[in-house]
């Protein structure tokens, strides 16, 4: 049998006075520091190439989408937010989406669609604000999702730079 000797608490310790003074000192130290509140929306959120905002489809220079309706982004989406229906094109070997929708209320901005796309047709933009009056209005179709490649170029360059380390390391082995 093991006997555990417990420390006898003083009167102040029984009243939790040391903890109360420690908490009050922390409060008073932080009370006089500079405020870090952001005045949104007057002061916008900072955006960098790493910012993972809403997904957008890449529009090529000739006006067509880079998407070939392979469905990999739809399969990779853990929130089941993406719906794609492919259609035929004049080019017998290619397809294009006739329906491409992302339910932004379900999208968790994880970026799996960006990683899964073999054609670099979908990238996370720096668009963060999401507001609407109806649920249906927050289901974005092709017209709301398409962006010129130049508008997404910062993110595209970042993704290529990050993924180059894997391409370079596999070629040396």
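The values are calculated or read from the model by the stated rules, or taken from the named source; none is laboratory data. Remember, predicted model here, so these are calculated numbers, not experimental data. Ideal geometry is used to build each Cβ from the backbone, glycine not excepted, and the neighbour counts take in all protein chains shown.
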What number of residues within the range 10-30 are exposed (fewer than 10 other Cβ atoms within 10 Å of the Cβ) and over 40 Å from the mean Cα position of the chain (by Cα)?
-> 2
Do the conditions hold for residue 162, that is, is it assigned to a helix (DSSP H, G or I), touching a residue at least 12 places away in the same chain (Cβ under 8 Å) and under 20 Å from residue 48 (Cα atoms)?
-> no
Hey, any hits in the range 77-93 for a residue that's under 23 Å from residue 155 (Cα atoms), under 26 Å from the mean Cα position of the chain (by Cα) and in contact (Cβ under 8 Å) with a residue 40 or more places away in the chain?
-> no
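For the range 104-123, what are the residues that are under 15 Å from the mean Cα position of the chain (by Cα) and in a loop (DSSP other than H, G, I, E, B)?
104, 105, 106, 107, 108, 109, 110, 111
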Can you name the condition, by its number, that residue 41 falls short on among (1) under 22 Å from the mean Cα position of the chain (by Cα); (2) modelled with pLDDT under 90; (3) exposed (fewer than 14 other Cβ atoms within 10 Å of the Cβ); (4) closer than 25 Å to residue 160 by Cα?
-> (4)
